[in-house]
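Each reported figure results from applying straightforward, stated rules to the coordinates on display, with no laboratory input. Being a predicted model, the structure only gives us computed values, none of them experimental. All Cβ positions, even for glycine, are placed from backbone atoms using ideal geometry, and neighbour counts span all protein chains on display.
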Amino acid sequence: MTDGLHGELMRQLSCSGLPVPRALKPGSRFVKFLALVSATYQEFDPDDRTGGTSSSALSALAVEKNRLEAVFNTTATGLCVIDAEQRVSQMNAAAALMLEVDADEATGGPLADLIRPDARSPADARSCSQLVAAVAESSEWRAPMVSLRTGQGGVLPASLAFTPLSGSCARGFAGGVLAISDMTQQERMAWQASHDSLTGLRNRASITKYLSAGAGERPRPFTLLFIDLDHFKTVNDTLGHSVGDQLLVAAGARLRQVTRPGDVIARLGGDEFVVALPGLTQPQAKRMAERILSALRRPYEVGGERVYSSASIGVLSSRATGDANAILRDADLAMYSAKGSGRDRFAVFDEQLRVDASKRAALETRLRGAMARGELQVAYQPLFSIATPQLVGFEALVRWPDSSGYVEPMRFIPVAEESGLIGELGRRVLLDSLGLVRRLHASHERGLYVAVNLSGMQLSGGDLPDLIRSALARSGVSGSELRLELTESVLLENKLEARRQLEEIRGLGVRISLDDFGTGQSSMSLLHEFPLDSIKIDRSFVAGVTTDRSSRAIVEAIIGLGHSLGYEVVAEGVEAEEQMAELMDMGCDVAQGFLLGRPLPASQAVALAAEWVPSQRHRAPDGAAERPAFIA
């Protein structure tokens, strides 16, 4: 940018210690001024390349210096020249007036003493910290809306822009110019209406307007990325909302860094962001999604903590419709597809996602109606001690009868979790299960327990210990007669919070069981990280225990590991006597499965408990198949 300036002008600027504005944009006032001075040199000294300074050139330079000072001191924009030590080396009248300070007194002082955030706004404090960092790094920086404290105790709503300057003299001068613009009330209101106050990005209303307006004129191709931070709730729950807010700000800053100047970034709310990418084909958009994933998975230093996060991204390409809500909805569906596939990845929208979403919505409507009408039932599958043999308890299983038989739990449980119905459903199952134990007490059958499965959503609420405590007190059941079963994925979702709640629940006498052991990726680490009493061998291993050497080895290893740690080991899905014989030889403690008994209504479960006679064949309750004794 400065290559075309007169050589004498460059030498004079460098040796005087004034910054050479290589970073200024073409067409700026300062660049125009330098061009005018250079032209003056050329006019008065067109052939001089010797390095000498003519009196006419110096005179012209003095004239232009006076003009520049006049512009600097009379412009309505506040200007502060910042030196390499982050001190205010010069300030114009507009800046002094806006900040309500004496220019002479402020000159020479630290930038941080002059630009002070409104104490009531953490976002403004972050902006001022970012400004100091930008000056230190000699990088461009802008904040479209910051509330500053003035020298007289007032508040100045302003927009700030820092432009770094650099020079080439021996002293290595570095610094820049800070521009301060006083926002009018109308400007402030317009900005606040279209921007997120925390991150400074566009808000939902703004991006919706952008997506709706001029769809026919929108560049082709066009891609929208829907971004959701993974495990953000964990950060909020464990480190606090202040750290969570800082994480959101940092994530927004990274999105600015990796996207192009023409891309539009918005925060929809919570931990959801969108990036509109005009002019990118789907392959290009995929590469951009990978860049964003890479940027967002790097650890964050926020609130004095090192925080790890990642993102799930939905990619929606070349949508012709101007319906912004439909665009956001479909991109959101793609994002949930990425999250359901394991997080820290992106997924591209296709029409099948919308079909699946429609089916889920219909199933949710049916589920709400079924719960309101009390149609969901709890069935109880018996659990038997293998060595004794003896009935030791029941596992509570939710059943939803319909015209075709039953709706599979794997279909409606995820819908209950996504819709928020799982909390009420889990509460009902818990109370019903404790009601079964109370009925066993009434029939003089004691010592049996009931096992209830927990969803990750139930743990995430934070009030599960209170629910368990209240339910036990209401039913008059001892905590030792209740067992809670959780899968590895539930525990891994929020380790710290899960451990805290489980320890509190275990303090009530309730036992904790790790379900489907061996199917996850972190089974071994969970055994010493969480307060557990038993582990359940997944049915997939039990099914192959007599036919597959690997399955048999895994089952034998799990039993040995569990016993070495003092855990009870339970095998689920036992359907053949040969499987039971193998489990008995291996020393497994408890078994359940169709061989031993199918899930029963509460009344039949009570009858089974009353009539069970060890080591003998026995009459099954009405409606249930006869169960063979598994000890000869």
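Some observations on this one:
- The range 464-618, relative contact order in percent, only Cα pairs under 8 angstrom and at least six apart counted: 16 percent
- By the Stokes-Einstein formula, at 1.567 mPa s and 4 °C, the range 404-563 with its Kirkwood radius over alpha-carbon pairs has D equal to 76 µm²/s.
- Remark: the range 306-437 is approximated by an ellipsoid whose semi-axes, taken from the C-alpha gyration tensor as √(5λ), come to 38, 20, 13 Å, largest first.
- Based on Cα contacts under 8 Å between residues 6+ apart, the range 223-279 shows a relative contact order of 50 percent.
- Protection proxy ranking, peptides 71-84, 427-440, average beta carbon neighbours within 10 Å, highest first: 427-440, 71-84
- A straight line joining the Cα centroids of the range 69-112 and the range 560-582 runs 77 Å.
- The mean of 1/r over all distinct Cα pairs in the range 195-312, once inverted, gives the Kirkwood hydrodynamic radius of 14.8 Å.
- Once C-alpha pairs closer than 8 Å and six or more residues apart are averaged by separation and normalised to the residue number of the range 391-456, the relative contact order reads 50 percent.
- Hull-based mean projected area of the range 433-478, where the convex hull spans the alpha carbons, in square nanometres: 3.3 nm²
- Gyration tensor verdict on the range 498-608 (Cα atoms; rounded if a/c is under 1.5, prolate if a/b is larger than b/c, oblate otherwise): oblate
- Amide N of the range 131-163 lying under 20 Å from the label point, which is placed 7 angstrom from the Cα of ALA119 along Cα→Cβ: 146-158
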